[in-house]
Amino acid sequence: MTMFRFGVMGLAVLSVVAIADRAAANDSGSYKPPEAAAGDSAGMTQARAAIAAKDYAGAIKILYPMSQSMPQDADVVNLLGFSYRMLGQYPQAFIYYDKALAIDPAHKGALEYEGEAYLETHQLPKAEANLATLKRACGSASCPEIAQLESAIGKYKKQA
């Protein structure tokens, strides 16, 4: 029984270390916290502040109830995906990015962030597909999301 407890505790420690390593890796890349929008609610302002402070678990605690009361708010759902991604919880991140894109297929933030998540999970073709969709969504306008995702794809290709 003692060996079992030690094994479980060891796995828990390894999980925490892996999450910390992913967060450190995310901090060194092209990642930027989502910017505030003009019409942000108090909850969104708090969530964005938590994200800016790299308190992604705190942001999830704010955003999840908001996503339940406002299930059609693509910005809320996108930030949930971002927060989960920054914690290295990719399955959850993809669920929320997909929900945001189901609400708004041209959501620039969700397209960029999901594209970056695809790169982090070694799915380059999907990241490039997101970039193509993002370019169509932006049209002739200059979108910072395009530059961010192009930069992330370029860095990924250099490392591969």
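The values are calculated or read from the model by the stated rules, or taken from the named source; none is laboratory data. Predicted model, so just to flag it, every value in this text is computed and none were measured. For neighbour counting, all protein chains shown are included, and Cβ atoms are generated from backbone atoms with ideal geometry for every residue, glycine included. What goes into the accessible areas is simple: the full protein's heavy atoms, side chains included, and nothing from ligands, DNA or RNA. Shrake-Rupley method; radii C 1.70, N 1.55, O 1.52, S 1.80 Å.
Could you give the length gained on full extension between Ala52 and Lys126, defined as 0.36 nm per residue of separation minus the Cα-Cα distance, in nm?
Details: separation 74, 0.36 × 74 = 26.64 nm, distance 2.72 nm.
Here the segment from Ala52 to Lys126 would lengthen by 23.9 nm.
Would you rank Met70, Met44 by solvent-accessible area, highest first, keeping every protein chain in place and using a 1.4 Å probe? Could you put the intermediate results ahead of the total?
Numbers: Met70 75, Met44 10 Å².
The ranking, largest first, comes out as Met70, Met44.
Net charge within 15 Å of Ile103 by Cβ-Cβ distance, Lys/Arg positive one each and Asp/Glu negative one each, not counting Ile103 itself? Show your work: numbers first, answer last.
On the way: positive: Lys99, Lys108; negative: Asp73, Asp75, Asp98, Asp104, Glu114.
For residues surrounding Ile103, the net value is -3.
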